1. Estimate the FRET efficiency between D48 and E143 by the formula 1/(1 + (r/R0)^6), using the beta-carbon distance for r and 25 Å for R0, to the nearest 0.05.
2. At a Cα cut-off below 18 Å, give the lysines reachable from K51, other chains included and same-chain residues fewer than 8 away excluded.
3. Can you compute the FRET efficiency between A22 and T94 using 1/(1 + (r/R0)^6), with r the Cβ-Cβ distance and R0 = 30 Å? Round to the nearest 0.05.
4. Filter the trypsin sites (Lys or Arg not before Pro) in the stretch 32-84 down to the DSSP loop ones having no more than 10 other Cβ atoms within 10 Å, then list what survives.
5. Would you order E49, E29 from fewest to most other beta-carbon atoms within 10 Å of each residue's own beta-carbon?
6. Once you place label points 7 Å from the Cα toward the Cβ at D4 and T87, how far apart are they in nm?
7. Long-range amide H contacts for S124: which residues qualify at under 5 Å (H placed 1.01 Å from N, peptide plane, sequence gap of 5 or more or a different chain)?
8. Taking a cut-off of 29 Å, what percent of all Cα-Cα pairs in the chain are separated by more than that?
Amino acid sequence: MTLDTLFANIKGRLAGISDGAARLGVIAEEIAAYFSVRPHEIGLFSVDEKKHEITFRWPVSMAKVGHIPLNAVNSLVAKTAKERSATMDNSFATTRHLFMFEHMLADKSERISAQKVMSAPIVSGGAVTGVIQVVRKGGSPVEAGEDFTPQNLADLERIAAVLGHNRI
């Protein structure tokens, strides 16, 4: 699948859907298919610079968990928002980080370690309004699947730019 196909799929599937959670589900499903991960391995976050906090938007089950301070230490999502730059870590399970994404999902069977991750800021109107992350989870790096590539990260940056342009 190409990025243009991804964007066309999202646009087509969103037509007529007004419910915010349903729209996020469609976006997550399509991005997950593009990167060959499961929808719950997509993280969409909102950044509120005035409140100095980050909140989950997707998975929806995480939206009620609370927030991550924008200045949180060992938080990749906070680092991505503050530095306004995309990053990739194929040894993420061994990197110091917050474990919210892995361990607080509603479905216990999906509470496994994030082995690999990509993270990119979503910028709208010159401000970071969100972050998108794609993870590969598994009991080990091998179980999680192939490493992310520089091209994968470039594609995620383009997806983040389109999300920001469309104020998703």
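Laboratory data are not the source of any read-out in this text; all were calculated from the coordinates shown. If you're wondering where the values come from, they're calculated on a predicted model, not measured in any experiment. All Cβ positions, even for glycine, are placed from backbone atoms using ideal geometry, and neighbour counts span all protein chains on display.
1. The calculated FRET efficiency here is 0.10.
2. K64, K79, K82
3. 0.25
4. Here the trypsin sites (Lys or Arg not before Pro) that fit, given the DSSP loop and packing criteria, are K50, K64.
5. E49, E29
6. So the label points at D4 and T87 sit 3.4 nm apart.
7. Sorted by chain and number, the residues that satisfy this are T129.
8. I get 12 percent for the Cα pairs in the chain exceeding 29 Å.
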